[in-house]
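This report refers to the structure that appears directly beneath it.
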Amino acid sequence: MVSALIIQIGLSRIESGLFHFSSYSANTNLLLEIVHHYPYYILVPGIVAPVMEELIFRKVLFGNFSRFIPFLPAALISSLLFSLAHMDGHFLIYASIGLLFCYIYYRTGTIITSTFSHIFLNLFIILLSSL
């Protein structure tokens, strides 16, 4: 799952360097604030959200689209919707990570692999951000 971390870090640097976007994420900061006050809440962004997002964006959307259209257009549609759902301005990062999770799901043929990858990424970012 190192590739998801590389995408996250690399594209964050590109966004800030090339496009002068802030690396600030309103979503992440809000979640960290809630986790700080209610530590058990880490289960929501760390486990519950990735499971739901993988079921919706990879299993349902990508899975159904890929039955009728080729891999890349299906993955792009699913990933763009995934990116828009996060609504914090880091569309390039979320869309790229969505593409990676589509690829993982497509390549392995099981939603469990992309789900665990997504859980690992979210927990790692939450833990790293809270240091």
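With respect to Phe65, determine if the residue is over 23 Å from Val2 (Cα atoms), open to solvent by 60 Å² or more (accessible area, probe 1.4 Å) and outside any helix (DSSP H, G or I). No, not satisfied.
How many residues are among the aromatic types (Phe, Trp, Tyr) and within 22 Å of Val44 (Cβ to Cβ) if we restrict to the stretch 85-104? Total satisfying the criteria: 2. Selection of the stretch 68-90 for residues being more than 22 Å from Thr108 (Cα to Cα), buried (at least 17 other Cβ atoms within 10 Å of the Cβ) and touching a helix residue (DSSP H, G or I) at 6+ places or on another chain (Cβ under 6 Å) yields Ser83, His86.
Only one entry of Ile104, Ile93 meets the criterion of being without any contact (Cβ under 8 Å) to a residue 40 or more places away in the chain, at negative phi, part of a helix (DSSP H, G or I) and not charged (D, E, K, R), and that entry is Ile104.
Mind telling me which of the residues Phe21, Phe124 ends up being in contact (Cβ under 8 Å) with a residue 60 or more places away in the chain, closer than 20 Å to Val2 by Cβ and open to solvent by 70 Å² or more (accessible area, probe 1.4 Å)? Every option except Phe124 fails the conditions.
The values are calculated or read from the model by the stated rules, or taken from the named source; none is laboratory data. Remember, predicted model here, so these are calculated numbers, not experimental data. Backbone-built Cβ (ideal geometry, glycine too); neighbour counts: all protein chains shown. Just the protein is used for accessible areas: all its heavy atoms, side chains included, with ligands, DNA and RNA removed. Shrake-Rupley method; radii C 1.70, N 1.55, O 1.52, S 1.80 Å.
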